[in-house]
Every structure is written in C-alpha cells, then in structure tokens.
Amino acid sequence: MQSMLKMNADSIKEKVEFMMNGVEVDAKMYASLFQKTFNDEDKKKGLVLFVMENLKSNKDYDGFAYFDFKTGMVLRIIKDKDQNVIVIEIKPKENGLFTTSVYKEFLTAKQEEVDKDPNQIDPRTISFFLEMKEINKASWVNSRYIKSINYLKKSSLLVSYAVPLNDSQGEFMGLVSLDLGIIQLEELLGEITNEKSNFSELYEGVPFVIEKHNDDELLVIGYPHKHDKEEFPLALGENDYSGYLFLADQHPDLRIQTFAKLFQTQKMAGYDIFNHEFTTLEACEDTNGTTWVYSWSDIKPGEKPDWVVGVCVKRTAMMAGGVALGQIIFMSLLVMIIIMIPIGIKNGKSIGEPLEKMAADVVNIGIGDISYSVSSNSRYREIIELAEGIEKMKSGLLSFRKYIPYKVVNKVLASRKTAEPFAEKKELTIFFSDLENFTTISESLEPDKLVKLIGDHLAMCTNIIQSLDGTVDKYIGDSVMAFWNAPEDCENHQLKACQAALACQEQMVLFNQRNKAEGLPQLKMRIGISTGTVFVGNIGSDDRLNYTAVGDTVNLASRLEGTNKIYKTSILISDKTLAEIRGKILTRPVDKVAVKGKANAILIHEVLALGQDETHELRRIINLTVLGFEHYLAQRFQQAIDCYQQILDINKEDHLALFYIERCKEYLQFPPPSDWDGSYISNSK
C-alpha cells in the first residue's frame with residue numbers, strides 16, 4: 001500500500017507538472033517572437049493580438065506580461081471575472097513618472113480606455129523585474145499577490161514563468177512572463193479529489209501543493225476547495241495573500257497543519273523537503289492523536305518555484321484498506337483463472353486475430369506509417385479498449401506532426417531512440433516569407449477573423465512547401481521559415497524552393513480573390529531564398545528541442561525577404577541559389593547588395609517565372625534588364641536609363657525599371673565616388 005500511495009503522489013505531481021509545462025512552452029514561444037520584434041512596433045502589435053486570443057482560449061492561464069527594461073514600459077494582459085481579456089499598459093511620462101491605462105478590446109476598432117492612474121511608480125523598481133534582471137534566465141517565480149485596479153475590482157494571486165529578453169551581447173532588455181492562475185491549480189486538485197477510487201476518497205486524505213516563502217513559512221498554494229468565508233470562517237483576512245491563501249500551520253484543515261508540523265520535524269533533523277529528487281513517505285500524528293501518512297516530492301529540486309506536491313491518508317484506513325484490497329485481489333484472481341481456462345481455449349483465435357492486426361499497426365507506427373484503422377468488431381472489452389487506445393495514440397502523433405515537421409517525427413519514430421540535441425553541417429536552401437504591412441491591416445480586423453486569415457494563409461504556404469519536399473521549420477506570426485535538403489536529402493533543392501515560391505505567389509492571387517469576396521483585405525507576400533552551408537538538427541536544451549537550421553545562410557534568406565521592400569519585388573534569391581537553377585527558372589539581376597549583417601556585397605536576383613512559361617515579352621524584359629544592369633555597374637547611367645525605359649514600353653508598371661530610372665537620374669546629377677563598385681548597403685531586416 002505504501003508503494004501505491006507513492007504512485008498516487010507521483011500521479012498528482014505529473015498532472016501539476018503537465019499544467020506547468022504548458023506554461024513554460026508557450027512562454028518561451030512568446031519570448032522568441034517578442035525577441036525578434038523588440039524594435040518593430042508594428043509586428044509587436046500583431047503578436048499582442050495573437051497572445052490575447054491564446055490567453056482567452058486557455059483556461060489554465062491567468063495573465064501575460066511584456067516588460068521593456070530600457071523604457072520601463074509594461075504591457076500586462078489579464079482576464080476579468082467574466083474571462084474577458086483586459087490590457088493594462090504602463091508608460092513613462094515626461095516628468096519621470098509613469099501612467100497606467102486600462103483597455104477593453106485592445107488594438108481593435110472597439111478599443112476603449114476604462115481606467116487610468118497617472119501616478120504609477122517606475123516598474124523597473126518592482127521586485128519581480130529586479131529579480132529577473134539579476135538571474136537573467138528563464139525561471140519560475142514564486143506566487144505573488146497583485147493588488148486590484150479600480151476597474152476590475154479583482155486582486156490576482158498567481159505564479160509566473162518568466163523568460164528574459166537579451167540583446168546580442170546577452171544584456172537584459174526586458175522579459176516576457178506567463179501566469180498560471182492559483183485558482184486553476186486549485187480546480188485541478190478539486191478534480192483529482194472528485195475522481196472515483198482515489199486515495200482522497202477511500203482513505204480520508206487530501207492532495208496539496210505547498211510553497212516555501214521563507215525558511216519557516218509554508219504557503220498552501222493548492223488545496224481542493226475554495227477558500228471562502230462560508231467554508232473557512234477562520235481565514236486570515238487582510239494579509240499579503242489577500243485572504244485567499246493560508247499558511248500551512250494556520251490552515252483550517254488539520255491534515256495540512258500536521259504537515260507543517262512534519263516539515264519542522266524534518267527541518268530540525270537536517271532534511272530539506274524542498275530539495276529532494278525522490279518521493280518521500282513519512283507519518284505524523286495530529287493534535288487529536290490521529291496518525292496521517294504523507295507522500296510528497298519536490299516539483300523542481302533546487303529551482304523555482306519552491307513547491308512540494310503530495311497527498312496524505314489516514315494510516316488506520318490505509319492498513320484496513322490494504323488487507324481488504326489484498327483479499328479482493330486474491331479471490332478475483334482465483335475466480336478469473338477458473339473461468340478463463342475454458343474460455344481462453346475456446347476463444348483464443350477470436351482474440352489472437354485482432355491482436356495480430358494491432359501488433360502490425362503498432363509496427364507501422366514505429367516506422368512513421370500512421371493511418372486510421374477500421375474499428376475493432378471484437379466482443380471483448382479489453383480488445384476494444386486496446387484498439388481505441390492505439391487510435392488515440394495515432395491521433396496524438398498526427399497532432400504532434402502539426403507542431404513539428406512530420407519528416408522529423410517519422411525519423412525519430414523509426415530510430416527507436418529519444419530525440420537528443422545534435423547538429424550537422426549541410427547545404428540547405430532556406431525560404432523566408434512575410435506579409436507586407438500585415439500589422440497595420442490586422443488592426444482593422446476582429447481577433448477571430450485575424451486568426452482565421454493568418455491560419456488560411458499559413459496552411460496554403462505549408463501545403464505547397466511540403467508538396468515540393470520542403471520542411472516547414474516554424475511560423476513567426478504571419479511569416480514562414482522553411483528549408484530543403486533536411487532532415488532527408490532532396491535533389492534539386494534550389495529548384496524546388498523557387499518552384500514553391502512561385503506557386504505561393506500564384507495561389508496568393510486566388511487567396512486574395514476569396515478574401516475580397518468575403519470583405520477581407522488584400523495581402524501581398526514577400527519571399528527570400530538563399531542556399532549555403534548551415535548547421536541543422538535538434539537545437540535547444542535536453543528537455544526542449546527545436547529541429548531547425550542556423551547560420552549565415554538562414555540570416556541571408558531573412559534579409560532577402562526584407563530587401564524586397566526596397567525594390568518592390570516579390571521573390572529575391574541569392575547568387576548561389578541562381579547557380580543551380582539557370583535555364584529552369586526565369587530570373588533577372590536586381591542589384592549588388594550588402595545586406596544587413598554582411599560586409600561583402602552579393603548579386604541578388606528576382607524570380608519571375610518557371611522556364612516553361614517563358615514568353616517573347618518576358619524574354620525581352622530579362623535581356624533588357626541584364627543589359628541595363630551592366631550599363632549601371634559600368635556607370636553608363638544614361639544607357640541604363642534607355643534600357644529600363646524600353647522595359648516600361650513593354651510593361652509600364654515594371655517596379656524594377658521604375659526604381660533604376662530614378663536611381664540612375666540621381667547618379668547623373670550626383671555621381672558616385674571614384675571607388676564605387678556598384679554595391680548598395682541595405683539595412684532591411
């Protein structure tokens with residue numbers, strides 16, 4: 001029975017950890033997105049809308065905060081009592097003070113300021129931010145009490161997982177934090193208590209989560225009942241924990257008080273229950289002479305939060321239950337043996353056949369071949385449940401593929417090994433896309449329409465990329481990062497990346513036609529592609545990996561996507577990508593550019609069409625562009641203007657020709673320096 005009690009305690013711990021892991025994963029995702037948009041206010045607004053929608057749909061989360069340490073600006077998103085999302089914005093004023101504004105329907109056409117405090121203190125002096133600045137690493141922060149604002153009339157008790165935002169030198173710039181609501185944690189323990197046949201019900205016990213605040217102060221963070229005045233008339237009243245949380249030695253439940261007594265006994269013996277990796281089992285007698293058996297373990301030994309999760313049972317009930325349970329098990333086994341011998345002989349075949357099919361199904365899953373099967377028509381409940389379990393496992397793996405490239409999932413399944421950090425040097429073709437001015441467009445959309453619009457666009461791009469053997473690495477707001485030639489080798493990866501880019505732009509035309517019919521805005525996509533050697537593999541920590549690529553080639557593709565803004569192009573590729581697609585893809589030279597972060601200039605090119613789609617007019621435009629660009633590099637600016645003007649005679653809206661005519665006119669009036677080699681320095685990201 002002792003081992004069963006430990007198993008029960010471990011089960012409760014796993015459920016609490018599962019809730020916490022969800023917070024950690026999402027907080028790190030938000031931090032990564034905000035890190036990339038730290039100096040881009042437009043994209044930051046789009047991310048805030050994204051976070052608001054996720055927060056509203058996830059019942060476990062109580063709030064979110066973004067903190068800019070340089071300015072002291074804080075953006076806090078919380079839920080009101082009706083689960084509506086409210087935004088609290090703290091901004092600096094000219095006199096060195098700060099002002100707090102509270103908004104409903106933030107960043108939408110219905111935005112409304114519902115409260116304001118013009119005398120807010122500098123957030124950079126708040127202990128929470130100072131603590132995170134000092135440790136400067138992702139960490140849980142012990143529970144804290146945030147006082148009510150006038151509009152909400154609600155104080156918040158929460159525990160946060162905070163992730164710092166650092167500059168390229170590792171200096172602290174700010175943080176992102178996601179809050180796990182204490183109420184949600186208590187509701188989880190309430191669900192555990194109400195489950196049938198658990199230790200709380202059978203043996204008069206209770207699950208609990210306790211946090212260490214000071215050396216001798218234990219705070220009851222999780223308890224399976226609401227702490228209201230009717231249930232607990234002895235509540236602490238007005239205190240640091242707003243009358244909702246209790247110190248363990250003052251808790252109305254004697255079982256919790258007894259655990260506080262056990263803690264002091266353990267401490268005097270030199271044993272720290274908050275820094276122990278293994279599940280502990282100890283007994284302690286309460287003030288009424290009843291002995292309770294406790295089983296607990298530390299949620300994160302040696303780390304924040306300082307929590308122990310456990311359960312207690314009455315020893316007499318546990319012993320009586322153990323004897324009774326043993327008798328029941330023995331008699332049940334005896335009866336089952338007597339009954340099952342003839343039934344097993346008679347029905348072995350009817351059991352064996354579906355088991356053989358399920359075994360083959362599991363083998364296929366192991367090599368990544370996941371497809372739904374026809375439901376079992378067996379009359380045996382166990383066979384039906386096993387078949388349903390396998391189908392649920394398939395659903396989980398198929399859902400898992402939506403978060404991680406399916407090729408990577410299949411590779412891990414086939415290897416029969418746990419995914420571990422690794423990276424290899426390999427030549428890849430990298431693809432980056434982004435929507436032009438999408439943040440501005442999104443401000444006029446309702447959140448549900450915004451999420452659907454982004455989702456439909458990303459689905460369109462993903463389907464095209466995967467159909468051409470590409471691997472979708474990640475979504476960054478409305479952007480897509482993908483690559484070819486990993487995790488599996490891919491022939492002609494440069495060609496397939498360009499084919500995917502052209503197909504995406506072609507589908508955008510149809511996509512915009514549907515949007516127009518539905519009254520939605522028109523979107524324009526920019527794409528950057530580069531080829532080169534990168535590091536690709538499982539990059540991250542032991543408990544959180546991301547199959548991705550890193551290196552200069554990745555950065556170059558991202559910069560090329562942004563460089564489209566300068567020339568009003570839609571697809572730009574590097575010289576190295578062009579070398580492998582000549583004759584198969586129609587391109588034209590754009591410029592000799594040193595993109596941001598690169599010292600040396602490279603030739604970049606615009607992708608126009610598939611080679612098979614060449615027309616007489618298109619070939620003439622390409623030839624004129626090549627000739628005009630040669631004149632330009634040789635500083636024959638008037639001859640270059642003549643070439644680009646002929647392009648306008650064919651297509652009066654040719655963006656590149658218009659651009660170069662203006663640039664060449666400027667150089668005719670203000671010639672470049674004598675050492676000019678045609679290079680242009682781009683600061684686009």
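Could you please give the count of residues in region 192-212 that are surrounded by 15 or more Cβ atoms within 10 Å (Cβ to Cβ), modelled with pLDDT of 65 or more and either of a type outside the set (Asp, Glu) or assigned by TED's automatic domain parsing to the domain that holds residue 11 (or both)?
9
Give me the pairs: first residue in region 624-637 and more than 17 Å from residue 665 (Cα to Cα), second residue modelled with pLDDT of 95 or more and of a type in the set (Lys, Arg), beta-carbon distance under 7 Å, and six or more apart or on different chains, which are they?
626/588
Determine whether region 222-244 contains at least one residue that is closer than 21 Å to residue 290 by Cα, at pLDDT 60 or above and either crowded, with 18+ Cβ neighbours inside 10 Å or assigned by TED's automatic domain parsing to the domain that holds residue 16 (or both). Talk me through it step by step, then tell me what you get.
First, pick out the residues of region 222-244 that are closer than 21 Å to residue 290 by Cα: 223.
Still in the running and at pLDDT 60 or above: 223.
Checking the rest, the ones that are also either crowded, with 18+ Cβ neighbours inside 10 Å or assigned by TED's automatic domain parsing to the domain that holds residue 16 (or both) come to 223.
Yes, the conditions are met somewhere in region 222-244.
Which condition number does residue 561 fail, the rest of (1) within 24 Å of the chain's Cα centre (by Cα); (2) of a type in the set (D, E, K, R); (3) surrounded by fewer than 20 Cβ atoms within 10 Å (Cβ to Cβ) being met?
In the conditions (1) within 24 Å of the chain's Cα centre (by Cα); (2) of a type in the set (D, E, K, R); (3) surrounded by fewer than 20 Cβ atoms within 10 Å (Cβ to Cβ), residue 561 misses (3) alone.
Table: residues versus (1) closer than 24 Å to residue 561 by Cα; (2) touching a Leu at 6+ places or on another chain (Cβ under 8 Å).
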site: 625; (1), (2): yes, yes
site: 632; (1), (2): yes, no
site: 636; (1), (2): no, no
site: 648; (1), (2): no, yes
site: 653; (1), (2): yes, no
site: 660; (1), (2): yes, no
site: 671; (1), (2): no, no
site: 676; (1), (2): no, no
site: 681; (1), (2): yes, no
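List the residue pairs whose Cβ atoms are under 8 Å apart, where the first residue sits in region 14-35 and is closer than 17 Å to residue 143 by Cα and touching a residue at least 40 places away in the same chain (Cβ under 8 Å), the second is of a type in the set (S, T, N, Q) and surrounded by fewer than 20 Cβ atoms within 10 Å (Cβ to Cβ), and the two are 6 or more positions apart or on different chains.
19/184
Can we say residue 523 is buried (at least 17 other Cβ atoms within 10 Å of the Cβ), under 26 Å from the mean Cα position of the chain (by Cα) and not assigned by TED's automatic domain parsing to the domain that holds residue 31?
yes
Identify the single condition in (1) buried (at least 17 other Cβ atoms within 10 Å of the Cβ); (2) free of Cβ contacts under 8 Å to residues at least 40 places away in the same chain that residue 58 does not satisfy, given that it satisfies every other one.
Only one criterion in (1) buried (at least 17 other Cβ atoms within 10 Å of the Cβ); (2) free of Cβ contacts under 8 Å to residues at least 40 places away in the same chain is unmet by residue 58, namely (1).
Looking at region 401-410, can you tell me whether even one residue there is closer than 30 Å to residue 531 by Cβ, in a helix (DSSP H, G or I), touching a helix residue (DSSP H, G or I) at 6+ places or on another chain (Cβ under 6 Å) and at pLDDT below 90?
Yes, because at least one residue in region 401-410 is closer than 30 Å to residue 531 by Cβ, in a helix (DSSP H, G or I), touching a helix residue (DSSP H, G or I) at 6+ places or on another chain (Cβ under 6 Å) and at pLDDT below 90.
From 486, 482, 497, which residue is assigned to a loop (DSSP other than H, G, I, E, B), touching a residue at least 24 places away in the same chain (Cβ under 8 Å) and surrounded by 16 or more Cβ atoms within 10 Å (Cβ to Cβ)?
After ruling out the rest, the residue left standing is 486.
Any chance region 108-120 includes a residue that's out of contact with any Cys (no Cβ under 8 Å at 6 or more places or on another chain), of a type outside the set (D, E, K, R) and under 24 Å from residue 28 (Cα atoms)?
no
Based on this model, can you work out whether residue 46 counts as exposed (fewer than 15 other Cβ atoms within 10 Å of the Cβ) and touching an Asp or Glu at 6+ places or on another chain (Cβ under 9 Å)?
Taking the combined requirement at face value, the residue does not satisfy it.
Please go through region 261-286 and pick out each residue that is within 17 Å of residue 209 (Cβ to Cβ) and hydroxyl-bearing (Ser, Thr, Tyr).
279, 280
Looking at region 177-191, which of its residues are buried (at least 17 other Cβ atoms within 10 Å of the Cβ) and acidic (Asp, Glu)?
179, 186
Mind listing just one residue for me: the one in region 56-81 that is among the hydroxyl-bearing types (Ser, Thr, Tyr) and either in contact with a Leu (Cβ under 8 Å, 6 or more places away or on another chain) or in a strand (DSSP E or B) (or both) and, of those, farthest from residue 29 (Cα to Cα)?
Among those that are among the hydroxyl-bearing types (Ser, Thr, Tyr) and either in contact with a Leu (Cβ under 8 Å, 6 or more places away or on another chain) or in a strand (DSSP E or B) (or both), it is 61.
Tell me, which residue of region 472-517 that is out of contact with any Asp or Glu (no Cβ under 7 Å at 6 or more places or on another chain) and small (Gly, Ala, Ser) is modelled with the lowest pLDDT?
477
List the helices (runs of 4 or more DSSP H) that sit entirely inside region 573-685 and contain at least 1 residues that are surrounded by 15 or more Cβ atoms within 10 Å (Cβ to Cβ) and small (Gly, Ala, Ser).
616-633, 637-650, 655-669
Could you list all residues from region 500-532 that are in contact (Cβ under 8 Å) with a residue 12 or more places away in the chain and either out of contact with any strand residue (DSSP E or B) (no Cβ under 8 Å at 6 or more places or on another chain) or assigned to a loop (DSSP other than H, G, I, E, B) (or both)?
Matches in region 500-532: 503, 507, 511, 515, 520, 521, 523, 524.
Answer with yes or no whether residue 591 is in contact with a Phe, Trp or Tyr (Cβ under 6 Å, 6 or more places away or on another chain) and among the acidic types (Asp, Glu).
Values: in contact with a Phe, Trp or Tyr (Cβ under 6 Å, 6 or more places away or on another chain): yes; among the acidic types (Asp, Glu): yes.
Taking the combined requirement at face value, the residue satisfies it.
Output the residues belonging to region 99-127 that are part of a loop (DSSP other than H, G, I, E, B) and within 23 Å of residue 49 (Cβ to Cβ).
105, 106, 107, 108, 109, 110, 111
Checking residue 134 against (1) free of Cβ contacts under 8 Å to residues at least 24 places away in the same chain; (2) closer than 17 Å to residue 304 by Cβ; (3) part of a strand (DSSP E or B), which single condition isn't satisfied?
Single failed check for residue 134: (3).
Taking the condition of being on the phi > 0 side of the Ramachandran plot, of a type in the set (Gly, Ala, Ser) and in contact (Cβ under 8 Å) with a residue 24 or more places away in the chain, how many residues in region 533-573 meet it?
Count: 2.
The values are calculated or read from the model by the stated rules, or taken from the named source; none is laboratory data. Computed from a predicted structure; not experimentally measured. Every residue, glycine as well, gets a Cβ built from its backbone with ideal geometry; the counts of neighbours run over all protein chains shown.
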